[in-house]
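K.L.:
Before anything else, here's the structure in question.
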Amino acid sequence: MSYNLLKGKRGIIFGALDENSIAWKTAERVHEEGGTFVLTNAPIAMRMGQIDALAKKTNSEIIPADATDLDDLENLVQKSMEILGGKLDFVLHSIGMSVNVRKGRHYTDQKYDWTTKGWDVSAVSFHKVCQTIFKADAMNEWGSIVALTYMAAQRTFPDYNDMADNKAYLESIARSFGYFFGKEKKVRVNTISQSPTPTTAGKGVKGFDGFINYAEKMSPLGNASAQDCADYTVSLFSDLTRKVTMQNLFHDGGFSNTGVSQEVVEEFSED
Ligand SMILES: NC(=O)c1ccc[n+]([C@@H]2O[C@H](COP(=O)([O-])OP(=O)(O)OC[C@H]3O[C@@H](n4cnc5c(N)ncnc54)[C@H](O)[C@@H]3O)[C@@H](O)[C@H]2O)c1
């Protein structure tokens with residue numbers, strides 16, 4: 001169902017790799033709601049993914065950009081405004097990668113070059129995106145910037161490894177930049193803390209199957225899917241949430257506030 005919530009709004013969507021990606025589902029949903037946007041991803045991901053199909057489906061153009069590269073970001077922001085015909089109203093940062101996770105290095109045995117790389121891609125890139133947009137004065141007033149995060153920033157999930165630290169840093173950037181964006185540009189900045197979701201990034205975390213099933217049993221409403229996340233993101237891009245900023249918003253079916261569920265108690269009961 002479409003409510004035309006984003007009619008006339010323009011934006012940039014980072015991170016659609018394949019049809020499972022949270023950014024992919026969000027792009028489809030934003031398109032349904034009348035928003036127009038430029039799709040972007042790292043050049044290497046573009047060769048591996050299927051982003052062309054998404055661009056066709058949503059009538060959008062693609063501009064490659066490594067989100068850690070300031071020249072790429074400046075080019076992306078300028079070209080996007082030209083293509084879309086004006087300043088931006090929404091931006092989705094849906095980017096994450098840990099080299100330590102990818103290469104199976106334990107949290108207590110990190111290779112720090114890899115730690116730094118993952119931190120740059122997963123956390124500092126959000127600052128770079130915000131700063132590039134801020135300096136170019138590229139957002140309209142009452143625009144909305146959203147990044148995706150995970151609850152391992154607050155509570156420990158051993159296999160989430162150094163991504164937990166990256167997410168804590170990412171959430172802090174949303175608060176810090178949210179202050180300046182609010183004061184000077186009337187733009188809001190938030191993070192969505194999403195349930196485990198079966199995507200390329202999600203499934204790359206060791207023990208993901210156990211993890212997602214446990215979360216499903218612990219969440220009164222069940223896990224939030226990528227599609228659910230797309231709906232929630234649309235609401236944050238819309239004019240209906242104009243005073244929500246500098247927040248980390250849990251989108252997890254209630255998982256984060258559940259101590260234990262009946263299903264989990266039964267699993268551990270001896271009789
Ligand atoms: N899947 C989950 O369980 C889950 C849960 C909570 C939060 N998240 C977060 O959601 C976001 C999206 O991930 P997803 O689950 O849709 O997986 P995904 O693998 O589909 O998306 C991750 C994206 O990051 C992009 N990326 C990596 N390095 C980049 C770079 N240098 N420049 C630009 N883009 C780059 C990848 O190409 C890919 O498109 C991430 O921030 C992730 O941490 C995921």
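The values are calculated or read from the model by the stated rules, or taken from the named source; none is laboratory data. What you are looking at is a predicted structure, and each value in this text was computed from that prediction instead of being measured. All Cβ positions, glycine included, derive from the backbone under ideal geometry; neighbour counts span all protein chains shown.
K.L.:
Could you say whether any residue in the stretch 193-202 is farther than 21 Å from ALA147 by Cβ and of a type in the set (Val, Ile, Thr)?
P.N.:
Scanning the stretch 193-202, I find no residue that is farther than 21 Å from ALA147 by Cβ and of a type in the set (Val, Ile, Thr), so the answer is no.
K.L.:
Still on this structure, I have one more. Select the helices (runs of 4 or more DSSP H) contained entirely in the stretch 1-71, then report the ones holding at least 2 residues which are of a type in the set (D, E, K, R) and more than 13 Å from the ligand (Cβ to nearest atom).
P.N.:
The helices (runs of 4 or more DSSP H) meeting that bar are 22-32, 51-58.
K.L.:
Consider GLY11 against the criteria (1) within 15 Å of the chain's Cα centre (by Cα); (2) closer than 25 Å to ASP113 by Cβ: it satisfies all of them except one. Which criterion is unmet?
P.N.:
Among (1) within 15 Å of the chain's Cα centre (by Cα); (2) closer than 25 Å to ASP113 by Cβ, GLY11 violates only (2).
K.L.:
Return the residues of the stretch 67-83 that are over 20 Å from LYS25 (Cβ atoms) and surrounded by 20 or more Cβ atoms within 10 Å (Cβ to Cβ); say none if nothing qualifies.
P.N.:
The answer is LEU73, LEU76, VAL77, SER80.
K.L.:
Please find, among PRO220, PRO196, the residue that is under 16 Å from SER21 (Cβ atoms) and either among the acidic types (Asp, Glu) or modelled with pLDDT of 95 or more (or both).
P.N.:
PRO196
K.L.:
Report yes if VAL30 is surrounded by 23 or more Cβ atoms within 10 Å (Cβ to Cβ) and touching a Phe, Trp or Tyr at 6+ places or on another chain (Cβ under 9 Å), otherwise no.
P.N.:
Yes.
K.L.:
Select the helices (runs of 4 or more DSSP H) contained entirely in the stretch 85-201, then report the ones holding at least 2 residues which are away from the ligand (no atom under 15 Å from the Cβ).
P.N.:
Correct list: 112-119, 125-135, 163-185.
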